[in-house]
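K.L.:
Starting off with a structure, shown below.
The values are calculated or read from the model by the stated rules, or taken from the named source; none is laboratory data. Please read all numbers here as calculations on a predicted model, not as lab measurements. Here the Cβ positions follow ideal geometry from the backbone for every residue, glycine too, while neighbour counts run over all protein chains shown. The area values use the complete protein model at the heavy-atom level, side chains included, leaving out ligands, DNA and RNA. Shrake-Rupley method; radii C 1.70, N 1.55, O 1.52, S 1.80 Å.
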Amino acid sequence: KVKASLFKGEKLLSLPGGLGSDECAFSSSFNSIIGLDTDYCLNVLVRINNRLLGLNNIQRVDDSAENFLARNNTTFDVIYSDPDRRPGGNRISSDARLYTPNVFDLFHQHKKQGERWLTKLSPMTDLTWIRRQFNTPCRIYLFFYKNEIKELLVETADAIQDENIIVSVENNDTYTVFDDQNLNPFAKHDFEVFCELSAACIKAGFGQKLAENCLWQTENNGTY
């Protein structure tokens, strides 16, 4: 629900679709959704679920991301990828190049088919490594819930700049967004502060910025 509230548009392509939970959430933010998956039996169940839930704007297609994009001649507002981290039944935590599909290859081959690409990745994935793979400015969202980073969402689009954003989720409907411009939780004061950074702040590289924002001028020597 939080992701769906952050992005809106006309058409969304979901690859692979999986159980369809993200498609279900995005159906309230996009007029039409096409979800792809190569598992025919899974797709039958998803179609039944969508019909029972009244989600008439979702179309589930029996196809792979590679085949569909190779034939596609339209442009989507968002291409959303949640690649399978268990290809062949073996869980792979950090090397997203081995996920199915390879979202980096798809992005470089079919970049113009999506005005915005959103890629969900493991929270263990290194942010610098992600940017090297996409080789373009990335806005990376770190979803933080109950003191844990639950997932990374990488946004690539024209006219964006490299930045990290923490989305602190209180529940399904409430969240707070932090970037390096609004990290100022302390007013200037004359006492010392001990600050233990959260895992999301460390991952996003906000430690130095937080330290700078918490500094104050001392009365004795004018230093910070």
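K.L.:
Given the criteria acidic (Asp, Glu), more than 22 Å from ALA96 (Cα to Cα) and without any contact (Cβ under 8 Å) to a residue 24 or more places away in the chain, does ASP179 qualify?
P.N.:
When the stated conditions are applied, ASP179 passes them.
K.L.:
Also: Step by step: first the residues of the range 58-77, then only those that are in a loop (DSSP other than H, G, I, E, B) and of a type outside the set (Asp, Glu), then the one that is most open to solvent (accessible area, probe 1.4 Å). Which residue is that?
P.N.:
Of everything passing the filter in the range 58-77, ASN73 is most open to solvent (accessible area, probe 1.4 Å).
K.L.:
Same structure, new question: Determine whether LEU55 is open to solvent by 20 Å² or more (accessible area, probe 1.4 Å), in a loop (DSSP other than H, G, I, E, B) and either in contact with a strand residue (DSSP E or B) (Cβ under 9 Å, 6 or more places away or on another chain) or of a type in the set (A, V, I, L, M, F, W, C) (or both).
P.N.:
yes
K.L.:
With (1) at pLDDT below 95; (2) buried (at least 21 other Cβ atoms within 10 Å of the Cβ) as the list, and LEU12 as the residue in question, which single condition is left unmet?
P.N.:
(1)
K.L.:
Identify all residues within the range 108-154 that are open to solvent by 10 Å² or more (accessible area, probe 1.4 Å) and in a helix (DSSP H, G or I); write none if there are none.
P.N.:
Result: HIS108, GLN109, HIS110, LYS111, LYS112, GLN113, LEU127, THR128, TRP129, ARG131, ARG132, GLN133.
K.L.:
Let me ask you something else. Return yes when LEU98 is surrounded by fewer than 17 Cβ atoms within 10 Å (Cβ to Cβ) and in contact (Cβ under 8 Å) with a residue 12 or more places away in the chain and no when it is not.
P.N.:
In short, no.
K.L.:
Still on this structure, please answer the following. Quick one: ASP158 ticks every box in (1) touching a residue at least 40 places away in the same chain (Cβ under 8 Å); (2) surrounded by 15 or more Cβ atoms within 10 Å (Cβ to Cβ); (3) within 23 Å of ASP77 (Cβ to Cβ) bar one, so which box is it?
P.N.:
(2)
K.L.:
Something else about it: Just one of (1) closer than 23 Å to ASP158 by Cβ; (2) buried (at least 20 other Cβ atoms within 10 Å of the Cβ) trips up GLY35, so point out which.
P.N.:
(1)
K.L.:
Quick one: what pairs do we get from the range 71-95, first residue more than 21 Å from GLY20 (Cα to Cα), second modelled with pLDDT of 70 or more and surrounded by fewer than 10 Cβ atoms within 10 Å (Cβ to Cβ), C-beta under 8 Å, 6+ apart or different chains?
P.N.:
THR75/LYS112
K.L.:
Give the range 3-44 a look and list any residue that's touching a residue at least 24 places away in the same chain (Cβ under 8 Å), of a type in the set (A, V, I, L, M, F, W, C), within 18 Å of ASP84 (Cβ to Cβ) and in a helix (DSSP H, G or I), or say none.
P.N.:
Once the filter is applied, which keeps residues that are touching a residue at least 24 places away in the same chain (Cβ under 8 Å), of a type in the set (A, V, I, L, M, F, W, C), within 18 Å of ASP84 (Cβ to Cβ) and in a helix (DSSP H, G or I), the range 3-44 yields only LEU42.
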